[in-house]
Amino acid sequence: MTVTAAPLRILIGKVGLDGHDRGVKLIARALRDAGMEVIYTGLHQTPEQVVTTAIQEDVDAIGLSILSGAHNTLFRRVLELLSAQGAEDIVVFGGGIIPNEDVPALKEAGVKALFGPGTPLDDIVRFVKELPRSR
Amino acid sequence: MKEMKERKPRFTSLSGVEIHRLYGPDDLKDWTPERELGAPGEFPYTRGIYPTMYRGRLWTMRQFAGFGSAEDTNRRFHYLLEQGQSGLSVAFDMPTLMGLDADDPLARGEVGRCGVSISSLADMERLFEGIPLDQVTTSMTINGPAAVIFAMYLAVAEKRGIPFDRLGGTLQNDILKEYIAQKEWLFPPEPSLRLVTDVIAYCAQSVPKWHPISISGYHIREAGATAVQELAFTLYDGLTYVEAAVKAGLTVDRFAPRLSFFFNVHNDFFEEIAKFRAARRLWARELARRYQPKDPRSLQLRCHAQTAGCSLTAQQPLNNVVRTTVQALAAVLGGTQSLHTNSMDETLALPTEEAVRLALRTQQIIAEESEVANTVDPLGGSYYVEALTNRLEEEAQAYFRKLDAMGGMVAAIEQGFPQREILEASHRYQREIERKERTIVGVNRYVEEEERPIPILKVDPDVERRQVARLSELRNTRDSFKMARAVAAVQEAVACGENIMPPLIEAVKAQATVGELCMALKEVLGTYREPVVL
C-alpha cells in the first residue's frame, strides 16, 4: 500500500430540492475534524452541479444527503454523469431517509454505502478513511 | 445540600440547563402567582389562553398528511376524518414547496414523494373533493409560494360558492424560519416579508376566520436548536412579522388576534411543558410592552404542536410510539390548541395508514382515557415547572436583546447568527449521544443486533409521469392569452406595492400554475443565496 501525505478530499452536499441540512453539516464537520479536506456544496444542487464540482475539485469521494424521497432518481443521475465523464473512480456514498428496501438496488447501481438515521459519526469517518484514493 | 451519592455528577435538561435535586420556595423568591400566572384566559396567559381550556373543548387533532397525487391525498383526508380527526393539514411535495411545477426539470424524482404534488387549480380542486371547506378547518404547510397556494384554496371555495368569511384554517406562511432552519425560500428575506404582510392584510380584510401565518419553531428545533433557541427565535420572528404589518399601516388589533404559532415537543417532558407556558407569557408581555393593543386577544399566543420528528429512531421503530406518547402528553399539559402526533415509521418513509391511525389513537387515549384534560394547567404552581418557565423566559429575553442589537431578525439571518447558534447546539447534542452522555434507547443503549422490519408506505412511482401529462394537457387547452395577462397583472401589482392577493386569485382562476406564478414573482422580487455556515 502506498502512503500519500495529501489528505482525502471529499465533496459533501445536498442534491435536489430538500433543504434539511442538519445531518449533512454534522457529517461535513466530523470529516473535517478527522483531517480530511471537505468541500461543502451548500443546498439545492443539481446532479450536474455536484459532478462538475467534484471533477473540478478533484475529490476522492462524494457524500450526498437526501431526505426528500428522491434518492432513487438523484443517486442514479449522479452515477450516470460521473460515468459519462469517465470519473467512475470517484466513490459515491450517502445518507438520509432511505427505506431499507431501496438500498440493495442503489448499491447495485454503484452507491458504495448508505448511512441511515442514527449511524454513529465515527462509522462514517472510518468508512471514508478506508476509501481508496482516486488521485 | 448534603453530600449524597447520585447517578451523575450533573443533571441537565435537554437544553443544557442545570437541574437541581429539588425545587422549593427558594427557587421562586420574587415570584407571585398574580404577576407570573394570572387566571387562565387572563394576562399574562401562563396558564392557558382560555378560562376553561380542555374542559370547554379538547384540542384539535390534526394529522399532517400528503403524498402522491391530489387523489391519493384526498383519499387519506377522507380516511382521517372518518377516524375522528377534527381538522386537516396538508403536506406538499418538495417541488410545490419550492414553487416549481411537476414538469420542471428540477422536480425530477421528487414529485409526490414527501407530500402531495399541486401545480394547478385543478389539482387543488381534486385535493379537496368532497370535503366541506366551510365545516372543516384546513392547515397548509407552505411558505415560499404560500400566497399562490392560498389563492388556489380561495378560488376553490369561490367556485363552490362558499363565502370567504366562512373559511377557517391556517397558512404556515412563515418565511423567516425558512432562512433560519428549513431552507425552502424563493425570494430574498425583505420582499418575502412583504408577501407575508400582504396575506396578513388580505385576511384581516376578507378572510377573517383564517390564520394567515403560523409562526413556527418546529423546524428550528428539528434543525437542532434547543428549547430555549426554539422559543427565542420563534417569538422574535413573530415580533418581526408584527412590526412589518404595523409598518405597512395595519393596527395591531386588526391582525394580531389571528396570528398563530407552531411548536415542537421534544423528549424533555418538563422543559417542554415550561416552554409552552413561557411562550404564552413572554408573547403577551412583549406585545403589551411594544404595541399596547386594546383587544386582549392580540396578546394571546395560540399554538399548534407536533411531536419531535428528530427524536424518532430508525432502530426499533415501535419505540417511537412511546416517545410520541410522552411528547404528546407534554404538549397537552403545556396547553396546546392543536396537535399532530408523529407516526412510528417516519424515519423510514411517509407514514402508512396503520401507523397514522395509531398516532391518532395516541391522542385520543390521552384526551379521553387519561383524564389529564379535566383541569386547566395541572402543573401550575409546581416549584420545578415554574422555575423552568422563568428560566426559559429569561434566556429567550437574552436572545431578544442580542437580536435587537444586531438590527433585527433579517439582519441576524444575513449574518448567519441563528443558523450558527443552531448548528452549534446540534453539534453539541450529537456529541453527547456519540459519547453516550445522553441515552437514545435502541441507538446507543439497549441496541439489538437483529432489527425487525415494519411495513412502510410506497408512493406510486407513476405519479410523476401522470402529473407531467396532466400539466401538458392544461398548458395546451387553457386560454394562454388570458393566463399571461393575469400573470402580468400580478407582477404589476407587486411592483406597484399593491396587495398581491386579488390579482393572484384571478391568475390561478385563469389557470396559471404554481411554477409560472413563482417564476414571474422571482422576476420582480429576485432570488436568494444563503450565507453558508459550517
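Put simply, of B:Thr96, B:Thr141, B:Thr137 the only residue that is touching a residue at least 24 places away in the same chain (Cβ under 8 Å), within 14 Å of another protein chain (Cβ to nearest Cβ), among the polar types (S, T, N, Q) and touching a strand residue (DSSP E or B) at 6+ places or on another chain (Cβ under 7 Å) is B:Thr141. The strands (runs of 3 or more DSSP E) found wholly in the stretch B:213-330 and carrying at least 2 residues that are touching a Gly at 6+ places or on another chain (Cβ under 9 Å), under 21 Å from B:Arg47 (Cβ atoms) and of a type outside the set (Phe, Trp, Tyr) occupy B:303-307.
The residues in the stretch B:167-177 that are assigned to a loop (DSSP other than H, G, I, E, B), away from chain A (no Cβ under 14 Å) and free of Cβ contacts under 8 Å to residues at least 60 places away in the same chain can be counted, and the count is 3. Counted as qualifying within the stretch B:1-107 are the helices (runs of 4 or more DSSP H) with 2 or more residues that are open to solvent by 10 Å² or more (accessible area, probe 1.4 Å) and not polar (S, T, N, Q), namely B:33-36, B:70-82. If you go through the stretch B:228-258 and keep only what is aliphatic (A, V, I, L, M), more than 20 Å from B:Leu403 (Cα to Cα) and surrounded by fewer than 23 Cβ atoms within 10 Å (Cβ to Cβ), you end up with B:Ala248, B:Leu250, B:Val252.
The listed residues are B:Arg438, B:Arg485, B:Arg470, and the only one of them that is among the basic types (Lys, Arg) and open to solvent by less than 50 Å² (accessible area, probe 1.4 Å) turns out to be B:Arg438. Within the stretch B:412-435, residues that are more than 21 Å from A:Thr119 (Cβ to Cβ) and free of Cβ contacts under 8 Å to residues at least 60 places away in the same chain have Cβ atoms under 6 Å from residues that are open to solvent by 40 Å² or more (accessible area, probe 1.4 Å) and in a helix (DSSP H, G or I) in these pairs: B:Ala412/B:Met406, counting only partners at least 6 apart in sequence or on another chain. Of all the residues in the stretch B:429-443, those that are part of a helix (DSSP H, G or I), within 11 Å of chain A (Cβ to nearest Cβ) and not polar (S, T, N, Q) number 4. One residue stands out in the stretch B:444-457 among those that are part of a loop (DSSP other than H, G, I, E, B) and over 9 Å from B:Gln316 (Cα atoms): the one that is most open to solvent (accessible area, probe 1.4 Å), namely B:Glu449.
Of all the listed residues (B:Gln397, B:Gln415), the sole one being out of contact with any Asp or Glu (no Cβ under 8 Å at 6 or more places or on another chain), surrounded by fewer than 19 Cβ atoms within 10 Å (Cβ to Cβ) and more than 17 Å from B:Arg281 (Cβ to Cβ) is B:Gln415.
One residue alone among B:Glu286, B:Glu222 is open to solvent by 10 Å² or more (accessible area, probe 1.4 Å) and over 16 Å from the mean Cα position of the chain (by Cα), and that residue is B:Glu286. Looking only at residues in the stretch B:389-428 that are under 23 Å from B:Gln182 (Cα atoms) and hydroxyl-bearing (Ser, Thr, Tyr), which one is farthest from the other protein chains (Cβ to nearest Cβ)? So, considering only residues that are under 23 Å from B:Gln182 (Cα atoms) and hydroxyl-bearing (Ser, Thr, Tyr), the one farthest from the other protein chains (Cβ to nearest Cβ) is B:Tyr399. The residue of the stretch A:21-37 that is nearest to the other protein chains (Cβ to nearest Cβ), among those that are open to solvent by 40 Å² or more (accessible area, probe 1.4 Å) and without any contact (Cβ under 8 Å) to a residue 60 or more places away in the chain, is A:Arg22. Inside the stretch B:302-322, residues that are within 14 Å of another protein chain (Cβ to nearest Cβ) and in contact with a His (Cβ under 6 Å, 6 or more places away or on another chain) make up a count of 2.
For the stretch B:488-525, taking the residues that are of a type in the set (Asp, Glu) and either without any contact (Cβ under 8 Å) to a residue 12 or more places away in the chain or within 17 Å of B:Asp101 (Cα to Cα) (or both), the one that is least open to solvent (accessible area, probe 1.4 Å) is identified as B:Glu516. All of B:Thr46, B:Thr73 fail the test of being away from every other protein chain (no Cβ under 14 Å) and more than 28 Å from B:Glu346 (Cα to Cα), apart from B:Thr46. Pairs meeting the criteria (first residue in the stretch B:199-218 and farther than 15 Å from B:Ala244 by Cα, second residue β-branched (Val, Ile, Thr), beta carbons under 8 Å, at least 6 apart or on different chains) are B:Trp210/B:Thr170; B:His211/B:Thr170; B:Ser214/B:Thr170; B:Ser216/B:Thr234; B:Gly217/B:Thr234.
For B:Ala204, are the conditions met, namely being open to solvent by less than 10 Å² (accessible area, probe 1.4 Å), more than 14 Å from every other protein chain (Cβ to nearest Cβ) and either of a type in the set (Gly, Ala, Ser) or under 17 Å from B:Thr96 (Cβ atoms) (or both)? So B:Ala204 fails the test. For the stretch B:496-518, a residue qualifies if it is of a type outside the set (S, T, N, Q), away from every other protein chain (no Cβ under 14 Å) and under 25 Å from the mean Cα position of the chain (by Cα), and the qualifying residues are B:Ile500, B:Met501, B:Leu504, B:Ile505, B:Leu517.
Kindly indicate which of B:Arg401, B:Arg452 is closer than 30 Å to B:Leu301 by Cβ and out of contact with any strand residue (DSSP E or B) (no Cβ under 7 Å at 6 or more places or on another chain). When all the criteria are applied, what remains is B:Arg401. Working only within the stretch B:473-482, note down all residues that are surrounded by fewer than 18 Cβ atoms within 10 Å (Cβ to Cβ) and of a type in the set (A, V, I, L, M, F, W, C). Passing the criteria: only B:Phe481. For B:Leu360, the criteria (1) assigned to a helix (DSSP H, G or I); (2) touching a Pro at 6+ places or on another chain (Cβ under 9 Å) hold in every case but one, which is (2).
Yes/no matrix, rows are residues, columns are (1) within 18 Å of the chain's Cα centre (by Cα); (2) free of Cβ contacts under 8 Å to residues at least 60 places away in the same chain; (3) surrounded by fewer than 24 Cβ atoms within 10 Å (Cβ to Cβ); (4) not in a loop (DSSP other than H, G, I, E, B):
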site	(1), (2), (3), (4)
B:Phe150	yes, no, no, yes
B:Tyr153	no, yes, no, yes
B:Val156	no, yes, yes, yes
B:Asp165	no, yes, yes, yes
B:Tyr179	yes, no, no, yes
B:Phe187	no, no, yes, no
B:Pro191	no, no, yes, yes
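Residues in the stretch B:58-102 that are closer than 20 Å to B:Ala330 by Cβ and over 22 Å from the mean Cα position of the chain (by Cα): none.
The values are calculated or read from the model by the stated rules, or taken from the named source; none is laboratory data. Values in this document were obtained by computation on a predicted structure and should not be read as measured data. Every residue, glycine among them, receives a Cβ derived from its backbone with ideal geometry; neighbour counts consider all protein chains shown. Just so you know, the surface numbers come from the protein's heavy atoms only, side chains and all, with ligands and any DNA or RNA stripped out. Shrake-Rupley method; radii C 1.70, N 1.55, O 1.52, S 1.80 Å.
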